[in-house]
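Here, each number is a calculation from the coordinates, and none is a lab measurement. Predicted model only: the values in this text are computed from it and were never measured. For neighbour counting, all protein chains shown are included, and Cβ atoms are generated from backbone atoms with ideal geometry for every residue, glycine included.
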Amino acid sequence: MVAVIESAGPPGQADFHAAIASRSDRWYSACLRITRSPELAEDAVQEALLSAWDKRHQFNHAAKLETWIHRIAVNAALQLLRKNRPGMFEPLEFDVPDPEATPDVAQQRRELDNELSAAFSHLSDTERVCFVLKHVEQWRLKEIAEELSINVGTVKQAVFRSVRKLRGQMIELKEMDND
């Protein structure tokens, strides 16, 4: 479901409610992947919604409201990472429930989540954030570099190293499963 904004003015309360109802779980998941902390992810989404509401007059109607808020949420998560550097990369210890998952699918997802968490634990903070922004959030390299205040070459290296490490870890996990 996508919130359709019918007026040419800023999005209203009903538009925000529709966006929240349809996409808040995705915003939270994106922030959780970046922060690795349920509390920081919740804070990032809340901060994003407050910021979006305060800046709703800046909304460009060529974009979707959900996409605009998603971008604000990701930026809020990155801001929180900068503020809360100590202890921010603790292991994730819960699952976001999927109401449509069967028990078998839920078990497979838990196993994959555990494998991915194990593989992600081998990445540096920069590699993990760059990987998530590039391959999950679909940011351009230049955008990542600007947001993290590093050069594009460093982002490229971090993404390359993260992909290489993740492939290696996933192959090792697959070989262990086959034994």
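Some notes on this structure:
- Exposure proxy ranking for Trp68, Trp27, Trp53, based on other Cβ atoms within 10 angstrom of each Cβ and starting from the fewest, stands as Trp53, Trp68, Trp27.
- Phi angles across segment 57-71 convert, under the Karplus curve 6.51 cos²θ - 1.76 cosθ + 1.60 with θ = phi - 60°, into 3J(HN,Hα) values of 5, 8, 4, 8, 5, 6, 9, 8, 4, 4, 5, 4, 5, 4, 4 Hz, Gly and Pro given as x.
- FRET efficiency, Met170 to Arg26 (Cβ-Cβ, R0 41 Å, nearest 0.05): 0.95
- Farthest toward positive dipole pole in segment 101-179 [+1 Lys/Arg, -1 Asp/Glu at C-beta], among His135, Ile150, Ser121: Ile150
- Applying 1/(1 + (r/R0)^6) with R0 = 22 Å to the Cβ-Cβ distance of Gln79 and Val163 gives a FRET efficiency near 0.30.
- Per-peptide packing, taken as the mean over residues of other Cβ atoms within 10 Å, places 110-119, 15-24, 56-65 in the sequence 15-24, 110-119, 56-65 from highest down.
- Each label point was placed 7 Å from the Cα along the Cα-to-Cβ direction; for Asp125 and Lys64 their separation is 3.3 nm.
- If R0 equals 22 Å, the separation of the Cβ atoms of Glu143 and Ser117 corresponds to a calculated FRET efficiency of about 0.25.
- Between segment 108-127 and segment 28-78, the C-alpha centres lie 23 angstrom from each other.
- Each semi-axis of the equivalent ellipsoid for segment 101-179 is √(5λ) with λ an eigenvalue of the Cα gyration tensor; in descending order they amount to 28, 15, 8 Å.
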